[in-house]
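Accompanying notes for the structure given below.
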Amino acid sequence: MEKTKQKYPAWRKWFFGAGENAATLSHTIVAFFFLIYLTDVIGIRPALAGSVVLIGKIWDAVTDPLVGHISDNTRSRFGRRRIFLIAFALPLGVSFFFLWALPQGLPEMTVFALAVIAYMIHMTFMTLVLVPYQTLLPEMVDDYDQRTSFTAYRMLFSILGGLIAVAIPDIIVGGQADKHMGFMIMAVIFAVIIAISPLFPFFGCYERVKVEKKQPFPGFKAFLKPIFGNIPFRIAVFVYFFTWSGIALVEAMFMYFFTYWLRKPDLFLILVATLFILAAAFLPIWVKLSEKLEKRTAYIIGIVELAISLFLVIFITPETPVWIIFLLIAFIALGVSAAHVMPNTLIPDCIDYGTMVSKKKTEGVYYGLVTFFHKMGVAVVIWISGIVLDITGYINPEIYGEATQPDSALWAIRSMQGPVPAFILILGVVFIYIYPITRNRHKAISRRIAKREDY
């Protein structure tokens, strides 16, 4: 007999979604501003700036699955996951502030080392909050379509939080004659918001699954077992990796593109606001489309549309009419909305498949791996983009003063804003074609899990 669908109050979805602000505010501000902060304010070379992020993400190779395993085996009066949200919310906010309090005037390699340490510490606390937070979804919700609904609420906060994370820093920093001080003021404000955000899912969510028996600590190879033993999860991870790698490259190059190619930095804020507002408005389209079709089909439609829109960016020049730029931003926003919802809603279904096969509930390890691949995708593209800027002759204004960028650097910025991320996104489409979990198959998986007496 098929289980009746459980109804979830809207307020619980809002509280769950609000927890996303901790990750979104940090990730978005870092994605849009950290590279240019390190190069144009602190004064280190683009290749070193990109390496700061890469080294921090390599550190995540250890912390992400490790924290996932620890949360799987945590026992407290608040459950396995929620205890992390309240314990590490404040350290997460404090560590964010120190990312933007790096000293000026020291030797380049000294500042580089301090930036690496600050970034590694912040990423550690981010992992301690983000992995347990993400894991709450399969803990609370087991319905195929309700998971998409919860994810849409989370992504609504992600997109609107992303808008705030781009607009407010730009206003704060742009209003200060001393850019270094501007970034520090920004960091104080957002550190407070980031520290408060995890408290919403702590108070508004619950953990449906009760696991009494602890799992023994595995070796590092055991952490990777879900990838090799769970084919749907392996495919979903690649989809997730390529989707967010493409988005990360667009974000990292956005300010360079408007500052040095279009030479319209004043247009940056209003275009970003348009992008995020429209992306939030388009979210219900993808929820409904995934209900009518399949998650896989909705993803393909959205990402192909986004890739085509990004490819057209290469034709945008300083002489392009503003209305055409706004029109293109609207098409990009439609695809960005799909990129936020669809990859995230695949993961809980893959975890159910793994539970059916292994008879173990290890959501923490799964989400640890998801978080790791997300961060690695971001790290790799930012690292490579820094190297490309170095190779193509990018002129650092902190060192050489205001100067016109060479054509080679401008071509690199244009390519990394449009065609290159478009190609990366298409790789995700290639993998989603072989994704095997449909709505009907997930129902069968849920029935098999429910019938097991040993779980």
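Rule-based calculations on the coordinates, nothing more; no lab input. For clarity, every value in this text was computed on a predicted model and none was experimentally measured. Note that we place each Cβ from the backbone using ideal geometry, even for glycine, and neighbour counts take in every protein chain shown.
Along the stretch 419-430 the Karplus relation, 6.51 cos²θ - 1.76 cosθ + 1.60 evaluated at θ = phi - 60°, assigns HN-Hα couplings of x, 5, x, 4, 4, 4, 5, 4, 4, x, 5, 4 Hz to successive residues, with x for each Gly and Pro.
Overall, the stretch 270-379 carries a charge dipole of about 400 debye about its Cα centre when +1 sits on the Cβ of Lys and Arg and -1 on the Cβ of Asp and Glu, all other atoms neutral. Under the criterion of Cα pairs below 8 Å and six or more residues apart, the relative contact order for the chain equals 29 percent. As an equivalent ellipsoid, the stretch 35-137 spans semi-axes of 31, 13, 9 angstrom, where each value is the square root of five times an eigenvalue of the C-alpha gyration tensor, largest first. The longest stretch of the chain left intact once loop-based GluC sites (Glu not before Pro) with at most 12 other Cβ atoms within 10 Å are removed from consideration, loops following DSSP, is 3-211.
Relative to its residue count, the stretch 80-172 spans a Cα convex hull of 114 Å³ per residue.
With 25 Å as the limit, the listed pairs 13/451; 13/443; 57/179; 292/375 have 13/451; 57/179; 292/375 beyond it between alpha carbons. Ranking 177, 366, 442 by how far each Cα lies toward the positive end of the dipole of the chain (charges on Cβ) leaves 442 at the top.
With the gyration tensor restricted to C-alpha atoms of the stretch 118-167, the semi-axes of the equivalent ellipsoid amount to 24, 18, 5 Å, longest first. Magnitude of the charge dipole for the chain, about its Cα centre and with charges confined to Cβ atoms of Lys, Arg (+1) and Asp, Glu (-1), is about 2340 debye.
Computing FRET efficiency as 1/(1 + (r/R0)^6) for residue 331 and residue 167, where r is the C-beta to C-beta distance and R0 is 22 Å, gives about 0.55. Residues 24, 74, 151, ranked from the fewest to the most other C-beta atoms within 10 Å, line up as 74, 24, 151.
Considering only the Cα atoms of the stretch 26-93, their convex hull presents on average a projected area of 5.6 nm². Which net charge results when you count Lys and Arg as +1 and Asp and Glu as -1 among the other residues whose beta-carbon is under 12 Å from that of residue 18? That works out to +2. Taking the empirical scaling 2.2 N^0.38 Å for compact globular proteins as reference, the chain has a Cα radius of gyration ratio of 0.96.
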